[in-house]
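These notes are about the structure you will find just below.
Any read-out appearing in this document is the output of simple, stated calculations on the displayed coordinates, not a laboratory observation. Model, not experiment: these values are computed from the prediction.
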Amino acid sequence: MTTTSERLECDESIWLSNEASEYPIQVQSICFRRAMPWDEAECANYIARFNREEVKMQPWENHQIRKAEMEMKKMEGMIFNGFVLCHS
């Protein structure tokens, strides 16, 4: 796993190798260093939102599973009781 500084160096070298750029290398380097923490913070926000939604969905999913299981047991009981009544 690469560290942030390793990614920074790797990505920065890609940026610096771009000869068609209209900005000097120093400006690119400063902008890139400022953008990296912002990008990581944005990613962290999305992950936190995803986790919050997951926490909300889990009880709902459990409730739906319990409802389906109860409905299946109810149907099994109806089938079994109907079978016993018909063959007695």
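Tabulated data for the structure shown
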{"item": "Percent of alpha-carbon pairs separated by more than 20 Å within the stretch 26-87", "result": "64"}
{"item": "For the stretch 59-64, 3J(HN,Hα) per residue [Karplus equation, 6.51 cos²θ - 1.76 cosθ + 1.60, θ = phi - 60°, Hz, x = Gly/Pro]", "result": "x, 4, 4, 4, 4, 5"}
